[in-house]
Amino acid sequence: MTTPKKPKFSRVLLKLSGESLGDANGMGISPEAVHHMAIQVCEVQKLGVQTVVVVGGGNIFRGLKGSERGIERATGDYMGMLATVINALALQDALEKLGCPTRVMSAIAMAQVAEPFIRRRAVRHMEKNRVVIFGGGTGNPYFSTDTAAALRANEIGAEVILKATKVDGIYDSDPKKNPGAKKFSEISYIEALQRQLKVMDSTAFSLCMDNKMPIIVFDFSKPHNLKKVVLGEKIGTLVS
């Protein structure tokens, strides 16, 4: 009988873009896409890995896009933060239907639908093996949900940020446009910044670099990939 593999990490933060919850065009909320995500998150939670999720809101509203159309930037960002809470609730619903206990915590107070973000309470939920979903970004305009992910990962003592994408890692150029694009299995923070490889925005990236928080960029669209990453398989690109 083969002994089951032990997870490489005991506490992880998963960063999901809003578009990944959307339809084929990355818009709205697709129940199928959310269900697919929930299955993967549940797999990891069942391994006993403490899991937190930060969701974006780009499938509903983007602050930057709003400001391009004349909405004041700060107002647009707050609208985007509210969109992330809608996504967090959609993911919570899908997870709980699979029997996975969850808590949604919001950086913006909205007591009827989510708990306020309190670091010690978040850690307590994780210790009780609940998946904690962070909505509301950082609670401040001018910061992205990538920055929220970097901030929360450091606050709660996560060992790694798992950045879910639709490509299987980081390339030196866009693999969809350039068939000869070279994939990195590992890359340093400095090299990723110098090459402007758009792993995360510069604020989020600097926060990870200063606090030595590793980032694994991987393809979340393939079944069981999240579990494979957590078990330590060489999937995606490690930024460290």
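The values are calculated or read from the model by the stated rules, or taken from the named source; none is laboratory data. Predicted, not measured: the structure shown is a model, and the values here were computed from it. Cβ: placed from backbone, ideal geometry, glycine included. Neighbour counts: every protein chain shown. Surface areas here come from the heavy atoms of the whole protein model, side chains and all, with no ligands, DNA or RNA. Shrake-Rupley method; radii C 1.70, N 1.55, O 1.52, S 1.80 Å.
What are the pairs, 6+ residues apart or on separate chains, where a residue within the stretch 1-24 that is within 10 Å of V49 (Cβ to Cβ) has its Cβ under 7 Å from a residue that is assigned to a helix (DSSP H, G or I) and at pLDDT 90 or above?
P7/V230; K8/V230; F9/V230; R11/M126; V12/V230
Considering only residues that are buried (at least 18 other Cβ atoms within 10 Å of the Cβ) and either farther than 18 Å from S30 by Cα or of a type in the set (K, R) (or both), look in the stretch 55-65 and name the one that is modelled with the highest pLDDT.
Among them, the one singled out is R62.
Given the criteria surrounded by 15 or more Cβ atoms within 10 Å (Cβ to Cβ) and farther than 18 Å from S17 by Cα, does Q50 qualify?
When the stated conditions are applied, Q50 passes them.
So, K212, is that one touching a Ser or Thr at 6+ places or on another chain (Cβ under 9 Å), under 29 Å from Q45 (Cα atoms) and loosely packed, with under 14 Cβ neighbours inside 10 Å or not?
yes
Test of understanding: among A74, A83, A94, A88, which residue is farther than 17 Å from F218 by Cβ and either in contact with a helix residue (DSSP H, G or I) (Cβ under 6 Å, 6 or more places away or on another chain) or open to solvent by 80 Å² or more (accessible area, probe 1.4 Å) (or both)?
None of the others qualify; the one that does is A94.
Find all pairs meeting these conditions: Cβ atoms under 8 angstrom apart; at least six residues apart or on different chains; first residue within the stretch 60-75 and within 21 Å of L89 (Cβ to Cβ) and touching a residue at least 60 places away in the same chain (Cβ under 8 Å); second residue of a type outside the set (K, R) and open to solvent by 70 Å² or more (accessible area, probe 1.4 Å).
So the pair list comes out as G63/Y78; G63/M79.
Among the residues of the stretch 145-187, what is the count of those that are over 15 Å from N211 (Cβ atoms) and open to solvent by 40 Å² or more (accessible area, probe 1.4 Å)?
The number of residues fulfilling the criteria is 17.
Limited to the stretch 97-112, what total is found for residues that are open to solvent by less than 70 Å² (accessible area, probe 1.4 Å), aliphatic (A, V, I, L, M) and over 19 Å from the mean Cα position of the chain (by Cα)?
2
For the stretch 4-35, name all the residues that are under 20 Å from T145 (Cβ atoms) and either at pLDDT below 90 or open to solvent by 60 Å² or more (accessible area, probe 1.4 Å) (or both).
Within the stretch 4-35, D23, N25, G26, M27, I29 meet the criteria.
Return the residues of the stretch 71-129 that are assigned to a helix (DSSP H, G or I) and within 13 Å of V52 (Cβ to Cβ); say none if nothing qualifies.
Listed by number, the residues that qualify are A88, L91, Q92, L95, R119, R121, A122, V123, R124, H125, M126, E127.
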